[in-house]
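As structure tokens, the structure follows; a few thoughts come after it.
Bear in mind these aren't lab numbers, they're just calculated from the coordinates by the rules spelled out. Predicted, not measured: the structure shown is a model, and the values here were computed from it. Heads up, the Cβs are rebuilt from the backbone with ideal geometry, glycines too, and the neighbour counts pull from every protein chain shown.
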Amino acid sequence: MRRNTNPADEPRMVREKETVTAMIRIFCRGRHGSDGELCAECESLRQYAMRRLERCPFGPDKPACAKCPIHCYKPQMQERIRDVMRFAGPRMILRHPLLAIRHQIDAAKPATRTPPGGP
């Protein structure tokens, strides 16, 4: 059996992408009144978050972003994603209970200080 070699396609990374996309959708609907498609501002944030996840040096072993020793988001984008998480976080348990529970389990895991293969 051939193992998947792209870390971005690992189940954990796929789930991270689903979670952040769901949170941005909740935020966009609640704050910007979108229904279905994301507004341009939220879509650009979602695309930025996807690129950051795809390039995460920790790969599927990544800690929760709040616990990560590497802050890969630009300060402006970091503030935007914090706003999204502050708004959408409490609503996730009602809209996406499984994603919310898995995210909490992942967040409870201890963070490693360096990425695999790092110094």
remark   = Note on segment 8-108: contact order normalised by length, alpha-carbon pairs under 8 Å, 6 or more apart, percent, works out to 38
ask   = Which Cα, out of PRO63, LEU53, MET85, lies furthest along the positive dipole direction of the chain (beta carbon charges, K/R +1, D/E -1)?
value = PRO63
ask   = For the peptides 58-71, 29-42, what is the packing order when you average, over each peptide's residues, the other Cβ atoms within 10 Å and list the highest mean first?
value = 58-71, 29-42
task = Starting from the Cα-Cα distance between GLU79 and GLU43, subtract it from 0.36 nm times their residue separation and give me the gain in nm to one decimal.
result = 11.4 nm
